[in-house]
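Take a look at the structure below.
Readers should treat all values here as calculations from the given coordinates under stated rules, not as data from a laboratory. Remember, it's a predicted structure, so these values are computed and weren't measured experimentally. Counting neighbours? That spans all protein chains shown, and the Cβs are built from the backbone with ideal geometry, glycine included.
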Amino acid sequence: MPEDYYDLLGVPRDASDADIKKAFRRRARDLHPDVNPEDPEAEARFKEVAAAYEVLSDPATRETYDRLGHDGLRGAGGGPDFTGASVQDIFNAFFGGDIFGGESGPASGEDVGVAVEIGFIESATGTTRTMPLELVTVCSTCEGDGAAEGADLEDCAECDGQGRVRRISRSVFGEIARESPCPVCAGRGQIPSERCATCAGRGRRVEAQDVEVQIPPGIATGQRIALRGKGHAGEPGGRNGDLYVSVSVRAHPEMERDGLDVVTTISLPVTDAMMGTTMTVSGLEGEREIDIPAGVQPGQQIIIRGAGFPAIQARGQGDQRIIVDVKVPRVSSAEEREAAEALAALLEPGNYERTEENSFFDRIRQALR
């Protein structure tokens, strides 16, 4: 028994017309023989899917199929038969275009991808890089028309100067007209009496160019900058490709990035942690002195608001988080032990309670940030 048409398209029985059309286009791409050159069954499977679409895209035949199934279609004169049709003819009959969604027009230029590495501080402030590239460009000698200096441009005999040719083919659906750029004049409509020696009449050539790339403040490793129209030049009348710049950021010896925040770790002797001190800390805007409060605890964070990375194309600024690492010394002599015991005897429980209390609430605040 033939397979259910809804199952062939992968749609529910209450699917809308738009969903059925979208499903057919998707399945047609997957089953196209050009995509499956080693699968001899791909074309037959495609025609089964096309038959399902022809039935379900027409309200009358869909209603018959919903009520009576395949038997109902046979009783109404038989289901669709694409035995003698080509894959492209079928798709043209339904959609009037290329199976992969392409447009019939001058070829666009190809995209170009490059990578750039910048410094940690540069990723926060933004920077400029000049990229030396080999790009297909419009020939500067003939300005893209492919003609030698002083040569005449004549109408192309193949397309009568239209730049496009129209082909008529026969199929099971009747005559199908397809229009495409003229292969002789590459869609220009004219050909030169003498070709440009610089580009051999192509109108385009490969040239070395220095492209300036503006890298915005706040960019991070893995992000990509798109420069529209800065890739390879297209055929006359076609758009240029795009240039994509992938960014990587070098590591910094003292700072790390966490979202929009800058994270720095400092190490303090236990005595400085007990009494408080000042320290010089690296930041995105250079070094600055910060106050370390007395009784600071291991792992406690000191926050400098607004000292982090800016958000790209949005409002907002990260912070700098300074994580305190307290260094506890080893007692290695009798004199040191005596001094440590004297300090332990001098300190009262309140000294510890205050610092523990502060550390506890600090952790609560940090957890709620």
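Tabulated data for the structure shown
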quantity: Qualifying lysines (Cα of each under 20 Å from Cα of Lys327; at least 8 residues distant if same chain); calculated: none
quantity: Residues whose placed amide H lies under 5 Å from that of Ala148, excluding near-sequence neighbours; calculated: Glu194, Arg195, Cys196
quantity: J(HN,Hα) series, region 204-212, from Karplus relation 6.51 cos²θ - 1.76 cosθ + 1.60, nearest Hz, glycine and proline x; calculated: 9, 8, 8, 10, 7, 9, 9, 9, 8
quantity: Interchain or long-range residues, amide H under 5 Å from Leu268's placed H; calculated: Asp325, Val326, Lys327
quantity: Spatial separation of Cα centroids for region 275-349 and region 49-73, in angstrom; calculated: 75
quantity: Furthest towards positive pole of dipole, Gln301, Ser333, Ile312, structure part region 255-368, Cβ charges; calculated: Ile312
quantity: Karplus (6.51, -1.76, 1.60) ³J(HN,Hα), θ = phi - 60°, over region 146-158, in Hz, Gly and Pro reported as x; calculated: x, 9, 5, 4, x, 6, 8, 9, 10, 4, 5, 5, 5
quantity: Per-pair calculated FRET efficiency, R0 = 30 Å: Arg166 and Ser57 via Cβ, rounded to 0.05; calculated: 0.65
quantity: Residues Phe309, Phe120 arranged by fewest to most Cβ contacts within 10 Å; calculated: Phe120, Phe309
quantity: Separation of the Glu207 and Glu154 label points, Cα + 7 Å toward Cβ, nm; calculated: 2.9
quantity: In sequence order, calculated HN-Hα J values of region 264-280 (Karplus, 6.51, -1.76, 1.60; Hz; x Gly/Pro); calculated: 10, 10, 10, 10, 10, x, 4, 5, 5, 5, 6, 9, x, 6, 10, 9, 9
quantity: Residue order, fewest to most surrounding Cβ atoms within 10 angstrom, among His232, His70; calculated: His70, His232
quantity: Set of lysines near Lys47 by C-alpha distance (under 22 Å), chain-local residues within fewer than 8 positions excluded; calculated: Lys21, Lys22
quantity: Amide H contacts under 5 Å for Asp111, placed H, 5+ residues apart; calculated: Asp242
